[in-house]
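Written out below as structure tokens is the structure these notes cover.
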Amino acid sequence: MSDSNKPPIWFWILSVLALVWNLFGVFNYLSTKFNQVELLEAMSQAERELFEGIPAWATAAFAIAVFSGTIASIGLLMRKKWAKPLFVVSLITAVLQFINWLFLQNASEVYGNAAYTMPLIVVVVGALLIFFSNKSIQKGWIS
């Protein structure tokens, strides 16, 4: 590794933050799978019906999004360019999940405008991670 290809300290900071962000997603996914009873008990009837109405394909998209994002983040830390296509997969599957949540299930009827907050944040962060991994490839920080 030459000094010109050595990533700056902020590369490592952003890569660790990307991993932490995606691990939160994994935790959220696993919580919805393994703590369903507790989650459902804490929900209103409308929230419960919305949650129980999530189709299997949207749940699969959620799982693919968070796990591919986590693996991509590990790829960044390993300085591997295969991180970028995994970030793309993560973003695409997250968008599919949010299409269901916002437009097919109409979550805004239950949560109002707050239903758009997390999907918007996830899409912006996902796009930034793709941009970051692409720039890292261009700079020779990952290969």
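Read the figures in this text as sums done on the coordinates, not as results from a lab. Nothing here was measured: the structure is a model prediction, and the numbers come from that model. All Cβ positions, glycine included, derive from the backbone under ideal geometry; neighbour counts span all protein chains shown.
Quick one: would you say G25 is in a helix (DSSP H, G or I) and surrounded by 12 or more Cβ atoms within 10 Å (Cβ to Cβ)?
Working: in a helix (DSSP H, G or I): yes; surrounded by 12 or more Cβ atoms within 10 Å (Cβ to Cβ): yes.
So G25 fits the description; yes.
Taking the residues in segment 86-143 that are surrounded by fewer than 17 Cβ atoms within 10 Å (Cβ to Cβ) and of a type in the set (G, A, S) as candidates, determine which candidate is farthest from the chain's Cα centre (by Cα).
G140
Hey, does segment 64-85 have a residue that's farther than 30 Å from K6 by Cβ, among the aliphatic types (A, V, I, L, M) and touching a residue at least 40 places away in the same chain (Cβ under 8 Å)? Break it down stepwise before answering.
If we filter segment 64-85 for residues that are farther than 30 Å from K6 by Cβ, which is where we start, we get 64-66.
Now narrow it down to the ones that are among the aliphatic types (A, V, I, L, M): 64-66.
Right, trim to touching a residue at least 40 places away in the same chain (Cβ under 8 Å) and you get 65-66.
Yes.
Being in contact with a Leu (Cβ under 9 Å, 6 or more places away or on another chain) and within 22 Å of I130 (Cβ to Cβ) is the filter here; which residues of segment 6-36 pass it?
F11, W12, L14, S15, V16, A18, L19, W21, N22
Specify the residue that is farthest from F24 (Cα to Cα); the eligible residues are those in segment 61-82 that are of a type in the set (A, V, I, L, M) and over 13 Å from the mean Cα position of the chain (by Cα).
So, considering only residues that are of a type in the set (A, V, I, L, M) and over 13 Å from the mean Cα position of the chain (by Cα), the one farthest from F24 (Cα to Cα) is M78.
Condition first: within 20 Å of L129 (Cβ to Cβ) and crowded, with 17+ Cβ neighbours inside 10 Å. Can you find one or more residues in segment 53-61 that meet it? Before the answer, list the steps.
Step one: of segment 53-61, the residues within 20 Å of L129 (Cβ to Cβ) are 61.
Next cut, crowded, with 17+ Cβ neighbours inside 10 Å only: 61.
There is at least one residue in segment 53-61 that is within 20 Å of L129 (Cβ to Cβ) and crowded, with 17+ Cβ neighbours inside 10 Å.
Filtering segment 28-52 down to residues that are hydroxyl-bearing (S, T, Y) and in a helix (DSSP H, G or I), which residue is surrounded by the most Cβ atoms within 10 Å (Cβ to Cβ)? It would help to see each step written out before you state the result.
The first filter runs over segment 28-52 and keeps only residues hydroxyl-bearing (S, T, Y), leaving 29, 31-32, 44.
Remaining after also requiring in a helix (DSSP H, G or I): 29, 31-32.
Details: Y29: 17, S31: 12, T32: 15.
Of everything passing the filter in segment 28-52, Y29 is surrounded by the most Cβ atoms within 10 Å (Cβ to Cβ).
Could you list, ordered by first residue, the pairs with Cβ atoms under 9 Å in which the first is in segment 111-129 and free of Cβ contacts under 8 Å to residues at least 24 places away in the same chain and the second is exposed (fewer than 11 other Cβ atoms within 10 Å of the Cβ) and of a type in the set (D, E), at least 6 apart or interchain?
The qualifying pairs are A115/E109.
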